[in-house]
Amino acid sequence: MADHDVDLLVIGAGSGGVRAARIAAQYGARVLVAEEYRVGGTCVIRGCVPKKLLVYAARFADDFEDAAGYGWTLEQPVFEWKELIANKDREIARLELAYTTALERAGVKLVKSRAVLQDAKTVRLLANGETVHPRHILIATGARPWMGPPIPGLEYAISSNEAFHLEDLPKRILIQGGAYIAVEFAGIFNGLGSEVTLVYRGEEILRGFDDDLRAHLHSEMERRGIRIICRRTVKAVQCTQGIFSVKLSGGESVEVDKVMFAVGRWPNVTGFGLEDAGVRFAPNRGIAVDQFSRSSVPHIYAVGDVTNRVNLTPVAVREGHAFADTVFGGKPTAVDHTNVPTAVFSEPEVGAIGLTETQARAQLAKVDIYKTSFRPMKMSLAGRDTRAFFKLVVDGDTDRVVGCHIVGAEAGDMIQLVGIAVKMNATKADVDTVMAVHPTMAEELVTLREKAVSYRREAAE
């Protein structure tokens, strides 16, 4: 028998693992993928894709309401949660089949099983007891919801995983958390008609984003009727005849029909035998890897959320591709994790790239800030009370745009294109030379002329 059964064993068929498997197979590698749940991973099955479908659904409420200002007369719309979930499930099943078919066409073998490392060179497939001896192993098992420290009644809370499969739309829901998932689901449930309370332990939602952006989004969410309580945590949950009484730090109690915790996600590293294989972990709980995604064991690699570097699906895909190029394509490729554009599909939407104002002031000698807040043109006839927000952070010495922060409709699409300019080291002068597309929201980016504020750090004596 050959020393190695396959050239590559990928554990986990999420976005990063699937991309790595396909590209490695294209280079001629014999590839086996082990996935114990469903092909597609968090993003396709219980993350980005189904969440965005729910976001679309929630936004129709505004569209129906705004149409009246533009001369449309509509009957009172009726929403059916069960129909939405059924349609979402059909689309996810279609995408899973597409992912599976793509692997098969690439010549990748897929086995539905948990894979456990018995040692650094031997992997057991629990579904059939078979052992595999791969030349290389890629860990792409993603992350899983963390429910926070134990509290009384924690068993009554759901995570985002369960939120996609609720039997009914809750009339009242309390969500604990303040990052992507919590903020996005607050907007989803609010748009679909639920009474939403968002509880966050920090000073302001969306920690790590620009402070002006965070404050603007907070204000817009409250304007839409979402109650946001910062500097508080859930201390206990009691259930009486299907109604939940949620006790908060500070003593307040909130009565709701559903409780959801979205307080973070931890790398999914438990139960795979990684410690037995000698794989080391980083302080962030993820698998410690170098710039080429190689772990402490030379032939074992890891990509995506399991490394807890930049936990975004496109980053996992890029890391998986780079791994295959490096190991099987003879093209050593390190992924650049700086200036990664990101979107939060809240309502209104958020797009961001680069340094926040606070980060820029800490890192740069001089910082120029350009920003504006305005009522989008679409709202003039709709009569909706909402405002968009645009901000550019500029290195005052080089004139380079080092950050862009947007709150408003289609912010995610806008930041994708802004990301090209930022990665190309565009200057504010470059941006100013671009002709505006009128009338659009995005034109505000190229018509910002007056500095809102400038900072210069005093040189140390």
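The values are calculated or read from the model by the stated rules, or taken from the named source; none is laboratory data. The structure presented is a predicted model; accordingly, all values stated were derived computationally and were not measured. Methodologically, a virtual Cβ is constructed for each residue, glycine included, from the backbone with ideal geometry; neighbour enumeration extends over all protein chains shown.
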Query raised in the report: When segment 101-144 is examined, which residues are found to be outside any strand (DSSP E or B), in contact with a Ser or Thr (Cβ under 7 Å, 6 or more places away or on another chain) and under 21 Å from Ala324 (Cα atoms)?
Result: His133, Gly142
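Could you check, for segment 199-212, whether at least one of its residues is of a type in the set (Ser, Thr, Tyr), part of a loop (DSSP other than H, G, I, E, B), in contact (Cβ under 8 Å) with a residue 24 or more places away in the chain and in contact with a helix residue (DSSP H, G or I) (Cβ under 9 Å, 6 or more places away or on another chain)?
Restricting attention to segment 199-212, the residues satisfying the condition of being of a type in the set (Ser, Thr, Tyr) are 200.
Keeping just the survivors that are part of a loop (DSSP other than H, G, I, E, B) gives none.
No, there is no match, as no residue in segment 199-212 is of a type in the set (Ser, Thr, Tyr), part of a loop (DSSP other than H, G, I, E, B), in contact (Cβ under 8 Å) with a residue 24 or more places away in the chain and in contact with a helix residue (DSSP H, G or I) (Cβ under 9 Å, 6 or more places away or on another chain).
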Report task. Would you point out which residue out of Ile243, Ile226 is under 30 Å from Ser373 (Cβ atoms) and either among the hydrophobic types (A, V, I, L, M, F, W, C) or not assigned by TED's automatic domain parsing to the domain that holds Pro170 (or both)? Result -> Ile226
Report summary line: Over segment 67-109, the set of residues closer than 30 Å to Arg30 by Cβ, touching a Leu at 6+ places or on another chain (Cβ under 7 Å) and not hydrophobic (A, V, I, L, M, F, W, C) is Thr100, Lys109
Requested in this report: State whether one or more residues within segment 236-249 are among the β-branched types (Val, Ile, Thr) and either on the phi > 0 side of the Ramachandran plot or not in a strand (DSSP E or B) (or both).
Outcome: no
Query raised in the report: Of the residues in segment 20-62, how many are under 17 Å from Ala163 (Cβ atoms), in contact (Cβ under 8 Å) with a residue 24 or more places away in the chain and under 18 Å from the mean Cα position of the chain (by Cα)?
Result: 14
Query - Residue, farthest from the chain's Cα centre (by Cα), within segment 288-307, restricted to residues that are more than 21 Å from Leu125 (Cα to Cα) and surrounded by 22 or more Cβ atoms within 10 Å (Cβ to Cβ) - result: Ser295
Query raised in the report: Within segment 264-275, can one find any residue that is of a type in the set (Val, Ile, Thr), over 30 Å from Val303 (Cβ atoms) and at pLDDT 95 or above?
Result: no
**Report entry** Test result for Pro348, outside the structural domain of Phe189 (by TED's automatic domain parsing) and surrounded by fewer than 20 Cβ atoms within 10 Å (Cβ to Cβ)
**Finding:** no
Query raised in the report: Residue check: is Arg46 crowded, with 18+ Cβ neighbours inside 10 Å and at pLDDT below 95?
Result: yes
Query raised in the report: Can you find even one residue in segment 433-444 that is surrounded by 17 or more Cβ atoms within 10 Å (Cβ to Cβ) and among the charged types (D, E, K, R)?
Result: yes
**Report entry** Among the candidates Arg223, Arg214, Arg207, residue that is at pLDDT 95 or above and more than 17 Å from the chain's Cα centre (by Cα)
**Finding:** Arg223
Query raised in the report: So how many residues does segment 6-29 have that are among the charged types (D, E, K, R) and touching a Lys or Arg at 6+ places or on another chain (Cβ under 8 Å)?
Result: 1
Report task. Using the structure shown, decide if Leu84 is out of contact with any Ser or Thr (no Cβ under 7 Å at 6 or more places or on another chain), at pLDDT 95 or above, among the aliphatic types (A, V, I, L, M) and surrounded by fewer than 18 Cβ atoms within 10 Å (Cβ to Cβ). Result -> yes
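Among the strands (runs of 3 or more DSSP E) lying completely within segment 299-369, list those that include at least 2 residues that are in contact with a Cys (Cβ under 9 Å, 6 or more places away or on another chain), over 13 Å from Gly17 (Cα atoms) and among the polar types (S, T, N, Q).
Qualifying strands (runs of 3 or more DSSP E): none found.
Listed here are the residues, each with its yes/no results for (1) under 21 Å from Arg38 (Cα atoms); (2) in contact with a Phe, Trp or Tyr (Cβ under 6 Å, 6 or more places away or on another chain); (3) not assigned by TED's automatic domain parsing to the domain that holds Leu248.
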| site | (1), (2), (3) |
| --- | --- |
| Thr122 | no, no, yes |
| Gly129 | yes, no, yes |
| Arg135 | no, no, yes |
| Ser160 | yes, no, no |
| Ile173 | no, yes, no |
| Ala182 | no, no, no |
| Glu203 | no, no, no |
| Phe209 | no, no, no |
**Report entry** Hey, Pro298 in contact with a strand residue (DSSP E or B) (Cβ under 8 Å, 6 or more places away or on another chain) and under 24 Å from Gly14 (Cα atoms) or not
**Finding:** no
Report summary line: Scanning segment 176-198 residue by residue, those farther than 13 Å from Phe261 by Cα, in a loop (DSSP other than H, G, I, E, B) and of a type outside the set (A, V, I, L, M, F, W, C) turn out to be Gly193, Ser194
Query raised in the report: When only residues in segment 49-74 that are more than 21 Å from Ser194 (Cα to Cα) and of a type outside the set (S, T, N, Q) count, which is surrounded by the most Cβ atoms within 10 Å (Cβ to Cβ)?
Result: Val49
Query - Subset tally (residues that are assigned to a helix (DSSP H, G or I) and surrounded by 21 or more Cβ atoms within 10 Å (Cβ to Cβ)) for segment 370-421 - result: 4
Query - Among residues of segment 424-440, those that are under 12 Å from Asp395 (Cβ atoms) and either in contact (Cβ under 8 Å) with a residue 40 or more places away in the chain or part of a loop (DSSP other than H, G, I, E, B) (or both), counted - result: 3
Query - Selected residue (criterion: farthest from the chain's Cα centre (by Cα)) from residues of segment 1-19 that are over 14 Å from His321 (Cβ atoms) and buried (at least 24 other Cβ atoms within 10 Å of the Cβ) - result: Leu9
